[in-house]
Amino acid sequence: PGMRDAFSGDSSTLYTVLALIGVMSLIEVVLLAGPAFAVGARRQSRSLALIAANGGTPTQSRRVILGTAVVIGAVSAVVGIVSGIACGRALVPFLQSTSDTYFGPFQVRWSHALGIAAFGLVSAFLAAVVPAWIASRQDVVAVLAGRRGDRAASRRSPVIGVLLVGIGVLLAVLGSRRAAGETLIAGAAVLTVLGMIFLVPVVVVAVARLGRRLPLPLRYAVRDAARHRTRTVPAVAAVAATV
């Protein structure tokens, strides 16, 4: 009874924290995988331009990139699950030798494994959403002529970023003044990361403009980063979110 009373109680807070950790992990994985899909979309730009020149719609161009992401996500999920189960089974004898308690037979909770696989598939799909949207808006004539077909960045992005960061800061302040404000603080972290994604392009372009007096390697690096924002922004945001 004493053990039961010690471990019983309201578990809603624990589930809330775990859900927020899952959301932050999903954002981190999406940001880390985003540059890879951006590079892939860049390599397919001419093929997508040919599709558009022959009557293809922007929706079809987006589906090409998203279809690739679904295939990669599915294969990665299967490889990850199989590798994880194999490594776990291989480690059981070693772990059993260091413990005085018998673990019991080796079992796989397939509901948990399928949930993890779904997490990987959703991560790959979400990581390809922005590259697919950008690829569907490229200038077809410019791409077929051998030039970059990127359109100008939206001026609303910095405004959205400032609003999200401001709301995140406000929620963090409110959470810090409450006895149990962990949920507000964690939610503020999610909003701040999302707002930062909208603000990073402005920072990257500003750094490129201010780098005229830098040495040649650094000047080339900052200008190349500003030129390829579709892969620079998620990488910068992922590192910043981790820090």
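Among 76, 176, 136, which one shows the highest mean-square fluctuation when the chain is modelled as a Gaussian network with alpha-carbon springs under 10 Å?
176
For residue 133 and residue 178 in one chain, what is 0.36 nm times their gap in residues minus the Cα-Cα distance, to one decimal in nm?
Details: separation 45, 0.36 × 45 = 16.20 nm, distance 4.07 nm.
Extending this stretch completely gives an extra 12.1 nm.
Report the full-extension gain for the segment residue 106 to residue 159: residue separation times 0.36 nm, less the Cα-Cα distance, to one decimal in nm. Walk me through the numbers before you get to the answer.
Details: separation 53, 0.36 × 53 = 19.08 nm, distance 5.31 nm.
Computed gain between residue 106 and residue 159 is 13.8 nm.
Measure off 7 Å from each Cα along the Cα-to-Cβ vector at residue 47 and residue 239, then give the distance between these two points in nanometres to one decimal.
Label-label distance for residue 47 and residue 239, simple model: 3.0 nm.
With each run of n ≥ 4 DSSP H residues scored as -39500 (n - 2.57), what mean residue ellipticity at 222 nm is computed for the chain after dividing by its residue count and rounding to the nearest 500 deg cm²/dmol? Please list the in-between numbers first.
Details: 10 runs with 195 residues, N = 243.
Helices in the chain give a 222 nm mean residue ellipticity of -27500 deg cm²/dmol.
What's the ranking of 96-104, 47-55 by average number of surrounding C-beta atoms within 10 Å, highest first? Let's see the in-between values first.
Details: 96-104: 7.7, 47-55: 14.8.
The most tightly packed comes first, giving 47-55, 96-104.
Take the Cα atoms of region 46-175, find their three principal axes, and give me the spread along each one in whole Å, biggest first.
Taking the Cα atoms of region 46-175, the three principal extents are 69, 48, 23 Å.
Among (1) 86, 39, 37; (2) 74, 45, 39; (3) 69, 41, 40, find the value of Cα extents along the principal axes in Å that was calculated from the structure presented, and write down its label.
Given (1) 86, 39, 37; (2) 74, 45, 39; (3) 69, 41, 40, the calculated one carries the label (2).
If the elastic network links every pair of Cα atoms under 10 Å, which of 190, 82, 130 fluctuates the most in the Gaussian network model of the chain?
Of the options given, 82 has the highest mean-square fluctuation.
What length, rounded to one decimal in nm, is gained on full extension from residue 86 through to residue 59, with 0.36 nm per residue of separation minus their alpha-carbon distance? Present the calculation step by step, with values, prior to reporting the outcome.
Numbers: separation 27, 0.36 × 27 = 9.72 nm, distance 4.00 nm.
The span from residue 86 to residue 59 would gain 5.7 nm if fully extended.
Could you give the DSSP H helices of the chain that reach 27 angstrom or more along their long axis (alpha carbon positions) and whose average Kyte-Doolittle hydropathy is no lower than -0.5? Present the calculation step by step, with values, prior to reporting the outcome.
Details: long enough: 12-43 (46 Å, 1.47); 58-97 (58 Å, 1.18); 110-136 (38 Å, 1.60); 156-176 (30 Å, 1.98); 182-210 (40 Å, 2.19).
Answer set is 12-43, 58-97, 110-136, 156-176, 182-210.
Of the residues 187, 34, 120, which exhibits the maximal mean-square fluctuation in a Gaussian network model of the chain defined by a 10 Å Cα contact cut-off?
With Cα springs under 10 Å in the chain, the top fluctuation among 187, 34, 120 is at 187.
Relative contact order (percent) for region 183-243, with alpha-carbon contacts under 8 angstrom and 6 or more residues of separation? Before the final figure, lay out the partial values.
Working: 32 pairs, mean separation 22.8, N = 61.
Relative contact order for region 183-243 comes out at 37 percent.
May I ask you to give the solvent-accessible area per residue for the chain, in square angstrom, as obtained with a 1.4 angstrom probe?
Values: 16000 Å² over 243 residues.
Accessible surface, normalised per residue, equals 66 Å².
The values are calculated or read from the model by the stated rules, or taken from the named source; none is laboratory data. As the structure is a computational prediction, the values presented were derived from the model and not from experiment. Here the Cβ is made from the backbone with ideal geometry for all residues, glycine too, and neighbour counts use every protein chain on show. For the accessible areas, the whole protein counts, side chains as well, though only heavy atoms, and no ligand, DNA or RNA atoms are used. Shrake-Rupley method; radii C 1.70, N 1.55, O 1.52, S 1.80 Å.
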